[in-house]
Each structure stands twice: as structure tokens, then as C-alpha cells.
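Read through the structure below, which is laid out as C-alpha cells, and then see the notes.
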Amino acid sequence: MAGQGLDFQGRKLQSPVDLFVGAVAHPYLRPLELNLIRLKKKVAAGAKFLLTQAVFDLAGFSEWMEAVRKAGLDKQTAIIASVLP
């Protein structure tokens, strides 16, 4: 809708849709390689930000962020680490 200006049936929309699309990310999902493939698909589909599951394990989150940086995804989308009180 936002990128092509078409509805779900392929009809042209009368006015443009301005969406800020986001997606969720699970930093503890393993294997890490498959996790990155899922993230790349979400970014390619138009996710402007990734909101993670709650971060409890800093070491695991750091490992995930290192892989995300190595893949260059941190330059393509914003990453918001979720915390719970």
C-alpha cells in the first residue's frame, strides 16, 4: 500500500498512504544465521524499525547485536531494545 499505492486487490489508491512500518525481532532466536535471514526479509519488506522482545540476557543480546551490525542491518533500520519494569 505505502510503496506501490495499491490496495490488497491491486487497485490504485485515490490518495497516498503514509505508513511508518515496523517489525518485531527476537534477539535470542537461534540459530543466529536463520534469525538474520528473517530480519533481512523484514527490512527488505519495508520495516523502518525493529522492536525486540524484552531484553533480559545482556550477553545474548550483545551477541545478536554484533551479528546485526556485521550484517549491516543497523544501518538500514532503527533497532529499539524492549525492556520491562
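Points worth noting:
- Of all residue pairs spaced 6 or more apart or on separate chains, those with beta-carbon atoms under 6 Å, a first member in the range 59-75 that is assigned to a helix (DSSP H, G or I) and a second member that is open to solvent by 30 Å² or more (accessible area, probe 1.4 Å) are Gly60/Tyr28; Val68/Asp74.
- Positions within the range 8-58 being open to solvent by less than 40 Å² (accessible area, probe 1.4 Å), of a type in the set (A, V, I, L, M, F, W, C) and in a loop (DSSP other than H, G, I, E, B), in sequence order: Ala47, Val55
- Scanning the range 59-82 for residues being farther than 23 Å from Phe20 by Cβ and open to solvent by less than 50 Å² (accessible area, probe 1.4 Å) gives a total of 4.
The values are calculated or read from the model by the stated rules, or taken from the named source; none is laboratory data. Predicted model, so just to flag it, every value in this text is computed and none were measured. Glycine gets a Cβ as well: all are built from the backbone with ideal geometry, and neighbour counts include every protein chain shown. These accessible areas exclude ligands, DNA and RNA; they are computed on the full protein's heavy atoms, side chains included. Shrake-Rupley method; radii C 1.70, N 1.55, O 1.52, S 1.80 Å.
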